[in-house]
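This report concerns only the one structure given below.
Every number here is computed from the coordinates shown, using simple stated rules; none is lab data. Worth saying up front: this structure is predicted, and the values here are computed from it rather than measured. Here the Cβ positions follow ideal geometry from the backbone for every residue, glycine too, while neighbour counts run over all protein chains shown.
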Amino acid sequence: MKIILVADYLSSEINGGGELNNEYLCDMLRSRGHGVLEKKSIHVTPDFIEENAQACFIVANFVELDPAAISEIMKCRYIVYEHDHKYLRNRNPAAYENYIAPITDIVNREFYRMALGVFCQSRLHAEIVQKNLYIDNVKNLGGNIWSEEVLAHIEKLSENPKRSGFSILNSPIGHKNTDGAIRYCESISTPYQLVSSKDYYLFLEKLSQCDKFVFIPETPETLSRVVVEARMMGMEVHTSSNVGATSEEWFSLKGKELIEEMRHRAEWIVDAVEEVFETGRSSHFTPKKSCPKISLVTSLYNGDKHIEGFLQNMIRQSIFEDCELIIIDANSPGTERRAIETYAEIYPNIIYKRLDYDPGIYGCWNIGIEETSGEYISNANVDDRRSLQQLEVFADVLSQNPEIDLVYSKCFVTQHPNETYSQNSSHRKTYPVSDFTPENMIKCLPGCMPLWRRSMHEKAGVFNDKYKFAGDWDMWLRAVRTGSAFKCVEGIHGLYYFNPDGLSTGKLKEKEKLEEEKAVFHEYAEIFGQRNYDAYKKHFS
């Protein structure tokens, strides 16, 4: 097999972790009988790609790769061997909440999407790529490659005596945070030495002289070879969750055990590269966390000023990849469609349907429910916001409590639009909710963003679209009447926008709203009991 590795720099120029890994990968592929050519990005032209169109391409760092050459590579068999987040303009996912960048900061997505595989260094790395690109060809290699010569050298160094203190990587790169590591050592009054050398073997020898290593990077490290090297040399490592290696199960190993693991890991990585080129697919997937599929249903009308913040809140949900977002446009006069279609191009689980009439909010929800395929359903209002873990937390409660059909929680309340869950002016004021009892259903207990089982509709039917205001209260009462139980989840998991001009909160429709609530109150009197009925009867008269 003819294989061409494309990278901005080769190990003969820079002894960086990515460059060394690429060199050892090429050497191992050659040892298996493949013809391998290493080519600098800046020297790769469209003509070169066309002349080698039958080859397989491994594209590593490609900042200096001509866009025209990228277009030609996309016609060939290729993988992206990911090293440093080149799908982001600033290449720093730490700049964004939950590591998810806004759509305007994502680049090269089509190049990643069309690859036979996007090979990542660690579970953390793969998760960040998947969160941002939402593609199905991301594969976690769970490690790097070291040559047998280097591993033998590391094994010898692991046996050497070490003095008490910290080794610190002396790097001119700001986000490696050498100053932060120094402050850490000084804060615990422990001696340290700064380590650097252009000679790789000399660098390893200096690194191994202390019994501890501290590395506290400011941005996510795809793996961090130096951290793994310190562990292989038997050193105690002080680091953070920003280091990809810490997300791997083998990180609990050290010394010779970890060296042996990296020997096996190298063979496994080369197997994965060969397999994807030979078959066009790979079995080396990192299993995703199992979560029942969630369907989010949105009614859209005049949502221009909310739509961008809403979509960002949705795609940032910790389990958004296990969700579908169904947006029913009730013939809105706004321009929300442009934003939605931009997001839908990247996130195929966003489904947009525009109507030529307005069936009302509950009519839209019913249309959306008919389109759903999820085991769990939630209404997603464009002006409300969820905590980034809300869906994951709620789904987990439902999965662990099969007797419960619906879960809800307290939400912060704000009168200012487009605030976020984490930064809002609620002053911790919350929408009041109580624990579930039939009697407590005298209020519309679940609030604005519950999560419920799809099967609940099989027993209780869907929302009554004759209502404009009280259809959710009617739905939840009907569910309780047909045997459903609800549960209030501990904590505050959302932000409710109390819109002074909203359909259910504005003053203009107050009388009409009261008439609907009156009808629901009398219809379900037996659920919340005679005492509540008598207490609230005057209010609804």
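Things to note:
- The lysines whose alpha-carbon is closer than 23 Å to the alpha-carbon of Lys156, local same-chain residues fewer than 8 away aside, are Lys198, Lys206, Lys212, Lys254, Lys256.
- Helical mean residue ellipticity (222 nm; -39500 (n - 2.57) per DSSP H run of 4+; nearest 500) of the chain: -11000 deg cm²/dmol
- Kirkwood Rh and Cα Rg combined as Rg over Rh, evaluated for segment 221-341: 1.19
- Scoring 423-433, 17-27 by mean Cβ neighbours within 10 Å over their residues and listing the highest first yields 17-27, 423-433.
- Anchor Lys513: aspartates and glutamates whose Cα lies under 15 Å away (excluding residues fewer than 8 positions away in-chain): Asp465, Asp472, Asp474, Asp501
- Comparing the chain with the 2.2 N^0.38 Å rule of thumb, its C-alpha radius of gyration ratio is 1.18 (two decimals).
- Cross-link pairs beyond the 32 Å C-alpha cut-off, checked among Lys86/Lys429; Lys305/Lys468; Lys131/Lys459; Lys293/Lys511: Lys86/Lys429; Lys131/Lys459; Lys293/Lys511
- If you plug the beta carbon distance of Glu526 and His427 into 1/(1 + (r/R0)^6) with R0 = 45 Å, you get a FRET efficiency near 0.70.
- Separation between Cα centres of segment 374-413 and segment 93-111, rounded to whole Å: 26 Å
- When Thr219, Thr342 are arranged by Cβ crowding within 10 Å, least crowded first, meaning fewest neighbours, the order is Thr342, Thr219.
- Across the alpha-carbon set of segment 277-421, the Rg to Rh ratio works out to 1.00, Rh being the Kirkwood radius.
- Exposure proxy ranking, count of Cβ atoms within 10 Å, fewest first, for Ser422, Ser378: Ser422, Ser378
- The label point for Val107 and the one for Leu37, both projected 7 Å from the Cα toward the Cβ, are 2.7 nm apart.
- Look at Thr222, Thr420, Thr482 and count the other Cβ atoms within 10 Å of each Cβ; fewest to most, that gives Thr482, Thr420, Thr222.
- Counting only residues at least eight positions apart within a chain, or on another chain, the lysines with an alpha carbon under 24 Å from that of Lys2 are Lys39, Lys40, Lys75, Lys139.
- Once both labels are positioned 7 Å from their Cα atoms along Cα-to-Cβ, the gap between Asp271 and Tyr200 label points is 2.4 nm.
- Loop-located trypsin sites (Lys or Arg not before Pro) in segment 82-157 (DSSP state other than H, G, I, E, B) with a sparse environment of at most 16 neighbouring Cβ atoms within 10 Å: Arg89, Arg91.
- Cα gyration tensor category, rounded, prolate or oblate, for segment 294-537 with a/c compared to 1.5: rounded
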